[in-house]
Amino acid sequence: MAEREHKSPHILNASSNLLGICFVVLTSLRVLNISQKSLIDEFTTAAIILFMASCILSFLSIRGSIKNESRLEKFADYFFLTGISLLFITTILFSLNIIH
């Protein structure tokens, strides 16, 4: 029986890297005192929550029992995809000067 490809280590790696980038963006906005004038910090905070959930679920998938592994990995994948989509939409809106 062929073993299926586990995505959890890849999800954990990518979401933790993007989580760090989101923290840098959020910290930069706060240090420059432009967080009150912008919606970017709200979108970034939502992305932080999604990437943190993805990190936790993918870690639990790696460390968890066999019966929960697939389900946790699926939810981690959904949270990661939602977080990356939110960052994409934020970038597009910021690039088009729709949000400041």
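All of the numbers you see were taken from the coordinates with simple rules; none came from a lab. This is a predicted model, so every value here is computed, not measured. All Cβ positions, glycine included, derive from the backbone under ideal geometry; neighbour counts span all protein chains shown.
Each residue of region 14-22 in order: what ³J(HN,Hα) in whole Hz does its phi give by Karplus 6.51 cos²θ - 1.76 cosθ + 1.60, θ = phi - 60°, with x for Gly and Pro?
For region 14-22, the Karplus curve yields 5, 5, 5, 5, 5, 5, x, 5, 5 Hz.
Obtain the nm distance between the two label points defined at Lys67 and Ser28 by a simple spin-label model: each point lies 7 Å from its Cα along the Cα-to-C-beta direction.
4.7 nm
To the nearest 10 degrees, how steeply does helix 66-95 sit against the main Cα axis of the chain, on a 0 to 90 scale?
With rounding to tens, the tilt is 20 degrees.
Just need the relative contact order of region 39-100 here, percent rounded to a whole number, with Cα pairs under 8 Å and 6+ apart.
Relative contact order comes out at 44 percent.
Go ahead and set up a Gaussian network model of the chain, Cα springs under 10 Å, then flag whichever of Leu32, Leu18, Leu50 fluctuates most.
Per the Cα network of the chain with a 10 Å cutoff, Leu32 tops the list.
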